[in-house]
Amino acid sequence: MVKVNENFLKLPGSYLFSEVARRIRVYNESHPGADIIKLSIGDVTRPLVPAVIQAMHKAVDEMGTAEGFHGYGPEQGYEFLREAIARGDYAARGVDIQPGEIFVSDGAKSDCGNIGDIFGVDNIVAVCDPVYPVYVDTNAMAGRAGEYQEELGKWNRLIYMPCVEENGFSPEPPKEIPDIIYLCSPNNPTGAVLTKDQLKVWVDYANAHGAVILYDSAYECFITSDNVPHTIFEVEGARTCAIEFRSFSKTAGFTGNRCAYTVVPMELERGGAKLNSLWNRRQCTKFNGVPYVVQRGAAAVYTPEGRAQIMANIDYYRANARVIREGLTAAGLTCFGGTDAPYIWLKTPNGVGSWDFFDQVLDRANVATTPGAGFGPSGEGYVRLTAFGDADATKTAVERVCNMFK
Ligand code: PLP
């Protein structure tokens with residue numbers, strides 16, 4: 001009789017987004033025609049830019065010719081894209097990352113989840129609280145998280161690093177020393193960022209203890225502050241302790257196109273093995289590459305026109321973030337994030353619970369938010385708002401929420 005992976009049976013239901021959708025549905029049923037604006041969704045809404053579309057059209061035409069046809073591509077990504085990334089995202093910032101250290105993939109979500117394949121099951125893992133749930137659930141599936149404690153909303157083998165108002169939503173190195181440390185900057189959900197000095201503390205800590213930092217920088221394109229590094233490899237010492245995840249999803253509107261990449265430096269060794277070789281082996285065995293057409297589209301992001309066009313879209317979302325942050329702050333609410341990130345972390349007034357506040361805002365303003373408690377126990381008392389919506393709808397949503405507090 002086959003045995004299933006029992007770790008899957010320990011997972012709590014994927015409560016957050018299904019519960020948000022259920023509550024919106026129930027509200028709609030009792031208030032038909034209600035014009036609900038969703039500031040809850042983490043997906044982009046602006047269309048792909050012309051440079052990307054042109055490059056993809058050209059690639060589709062190539063695929064229809066005998067000379068230009070591409071079958072299986074390199075598992076690590078085409079050289080043209082790896083080189084464009086090395087130049088555009090790293091050399092341009094004075095950071096030396098070689099194409100051989102870059103692995104193109106179909107998403108940072110897959111990479112953040114799959115990276116666990118190269119690490120033993122006994123490793124101790126540290127995550128931020130609140131957290132992007134993928135880090136937690138994929139470790140739970142692999143048997144690295146222990147048992148789920150319903151009453152605490154935590155797994156007993158994971159180290160949770162609270163990111164709260166008192167520490168500026170910035171994780172602090174825990175007393176019990178982890179082997180694997182997930183950091184996410186700009187952060188989903190809090191919108192907080194790690195400065196170069198803060199990141200240096202983590203890099204030194206990881207090098208001192210032989211830990212590995214898994215650095216998720218999927219929202220890098222939203223960074224505006226000078227003291228915030230765009231890549232962990234701007235920090236001295238990171239090449240011996242860090243793996244970085246980046247994505248075209250939010251940078252270039254590729255959520256439906258699927259393209260991302262992971263950087264594993266050659267110097268990063270643990271247990272006598274180069275992690276670059278292990279990840280290469282993993283990808284070659286379990287992954288057959290990103291479509292040629294999609295990689296051509298991604299490479300177009302590094303042309304001068306492509307760059308200007310994607311920056312215009314990012315500016316559009318940044319303007320939304322400003323509207324949300326400034327509007328709600330003027331109404332007397334307390335907001336965090338939204339300057340170097342597309343997420344605004346709104347403190348619920350008078351200590352109202354996340355879900356109660358979600359219900360109030362849905363009912364009185366017809367605006368959907370994402371309850372912070374769904375991202376971890378330290379998210380209680382907050383909701384996450386996103387800047388990825390339509391500009392007019394975002395303005396209307398903010399006006400409606402402000403009216404609740406007049
Ligand atoms: N990492 C973080 C922190 C995210 O919030 C998301 C998407 O919401 C991802 C990764 C996923 O990126 P991708 O679309 O490349 O899979």
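With the cut-off at 1.5 for a/c, could you classify the range 186-296 from its C-alpha gyration tensor as rounded, prolate or oblate?
Values: a/c = 2.57, a/b = 1.09, b/c = 2.36.
Here the range 186-296 falls in the oblate category.
For the range 50-66, what does the Karplus curve 6.51 cos²θ - 1.76 cosθ + 1.60, with θ = phi - 60°, yield as ³J(HN,Hα) per residue in whole Hz, taken in order and with x for Gly and Pro?
Running phi through 6.51 cos²θ - 1.76 cosθ + 1.60 with θ = phi - 60° gives x, 4, 5, 4, 4, 5, 6, 4, 4, 5, 5, 4, 4, 4, x, 10, 5 Hz.
Looking at the square roots a ≥ b ≥ c of the eigenvalues of the Cα gyration tensor of the range 1-85, which shape do they give, rounded for a/c under 1.5, prolate if a/b is larger than b/c, or oblate?
On the way: a/c = 3.09, a/b = 1.50, b/c = 2.06.
Because a/c hits 1.5 or more and a/b fails to exceed b/c, the range 1-85 counts as oblate.
Residues of the chain: accessible area per residue at 1.4 Å, in Å²? Present the calculation step by step, with values, prior to reporting the outcome.
Numbers: 17430 Å² over 406 residues.
Here the residues of the chain average 43 Å² of exposed surface.
Given the pairs 109/286; 10/154; 58/286; 250/347, which are separated by over 18 angstrom at their Cα positions? Numbers along the way, then the final one.
On the way: 109/286 15 Å; 10/154 12 Å; 58/286 29 Å; 250/347 25 Å.
Table pairs above 18 Å Cα-Cα are 58/286; 250/347.
Check each of the GluC sites (Glu not before Pro) in the range 66-146 and keep only those in coil by DSSP with at most 10 other C-beta atoms within 10 angstrom; list them in order. Don't jump to the answer; show the numbers that get you there.
Numbers: sites: 67, 75, 79, 83, 101; in loops: 67, 75.
Counting only loop positions with at most 10 other Cβ atoms within 10 Å, the GluC sites (Glu not before Pro) in the range 66-146 are 67.
Hey, if you put +1 on the Cβ of every Lys and Arg and -1 on every Asp and Glu Cβ in the chain, which of 228, 338, 178 ends up farthest toward the positive end of that dipole?
Value computed over the given set: 338.
So how do 323, 263 rank on accessible area, 1.4 Å probe, biggest first, that is with the largest at the start?
Numbers: 323 45, 263 0 Å².
Largest to smallest exposure gives the sequence 323, 263.
Could you list which residues have their amide H under 5 Å from that of residue 337, counting only those 5 or more apart in sequence or on another chain, with H placed in the peptide plane?
The answer is 345.
From the phi of every residue in the range 312-326, what ³J(HN,Hα) in whole Hz does the Karplus formula 6.51 cos²θ - 1.76 cosθ + 1.60 yield, where θ is phi - 60° and glycine or proline is x?
5, 5, 5, 4, 4, 5, 4, 5, 4, 4, 5, 4, 5, 5, 6
Count charges around residue 166 for me, please; just the other residues with Cβ under 15 Å from its Cβ, Lys/Arg as +1, Asp/Glu as -1.
On the way: positive: 347; negative: 129, 165, 172, 380.
It works out to a net charge of -3.
Quick check on the range 52-304: of the DSSP beta bridges with both residues there, what percent are antiparallel, nearest 5%?
Working: 12 of 27 bridges.
If I count the DSSP bridges inside the range 52-304, around 45 percent turn out antiparallel.
Ordering 175, 286 by how much accessible area each has at a 1.4 Å probe, largest first, what is the list?
Values: 175 200, 286 130 Å².
Sorted by accessible area, descending: 175, 286.
Can you give the helix-only mean residue ellipticity at 222 nm for the chain, where every DSSP H stretch with n ≥ 4 adds -39500 (n - 2.57) and the sum goes over all residues, rounded to the nearest 500 deg cm²/dmol? Could you put the intermediate results ahead of the total?
On the way: 13 runs with 149 residues, N = 406.
-11000 deg cm²/dmol, from helical runs alone.
For residue 17, what is the net charge nearby, where nearby means another residue's Cβ is under 14 Å from its Cβ and Lys, Arg count +1, Asp, Glu -1? Please report the intermediate quantities before stating the final value.
Working: positive: 22, 23, 25, 38, 109, 384; negative: 19, 43, 137.
Residues close to residue 17 contribute a combined charge of +3.
So, counting K/R as plus one and D/E as minus one, what does the shell of residues with Cβ under 10 Å around residue 381 add up to?
Values: positive: 347; negative: 165, 380.
With Lys, Arg at +1 and Asp, Glu at -1, the neighbours total -1.
Quick one: pull the percent of accessible area on the chain belonging to carbon and sulfur, 1.4 Å probe, ligands and nucleic acids left out. Spell out each step's value before the answer.
Working: 9090 of 17430 Å².
Its accessible area is 52 percent carbon and sulfur atoms.
Between the range 9-36 and the range 328-406, what's the alpha-carbon centroid distance in Å?
17
Run the numbers on the range 52-304 and let me know its relative contact order in percent, using alpha-carbon pairs under 8 Å that are six or more apart.
Normalised by residue count, the contact order of the range 52-304 is 27 percent.
Tabulate in residue order the Karplus-calculated ³J(HN,Hα) for the range 230-242, using 6.51 cos²θ - 1.76 cosθ + 1.60 with θ = phi - 60°, rounded to whole Hz; enter x for Gly and Pro.
7, 8, 5, 6, 6, 8, 4, x, 5, 5, 9, 8, 10
Which of the three applies to the range 52-304, rounded, prolate or oblate, going by the alpha-carbon gyration tensor with a ≥ b ≥ c and a/c under 1.5 meaning rounded?
Details: a/c = 1.80, a/b = 1.60, b/c = 1.13.
Prolate, because a/c is 1.5 or more and a/b exceeds b/c.
The values are calculated or read from the model by the stated rules, or taken from the named source; none is laboratory data. Predicted model, so just to flag it, every value in this text is computed and none were measured. Cβ: placed from backbone, ideal geometry, glycine included. Neighbour counts: every protein chain shown. We work out accessible area using only protein heavy atoms, side chains counted, and drop any ligands, DNA or RNA first. Shrake-Rupley method; radii C 1.70, N 1.55, O 1.52, S 1.80 Å.
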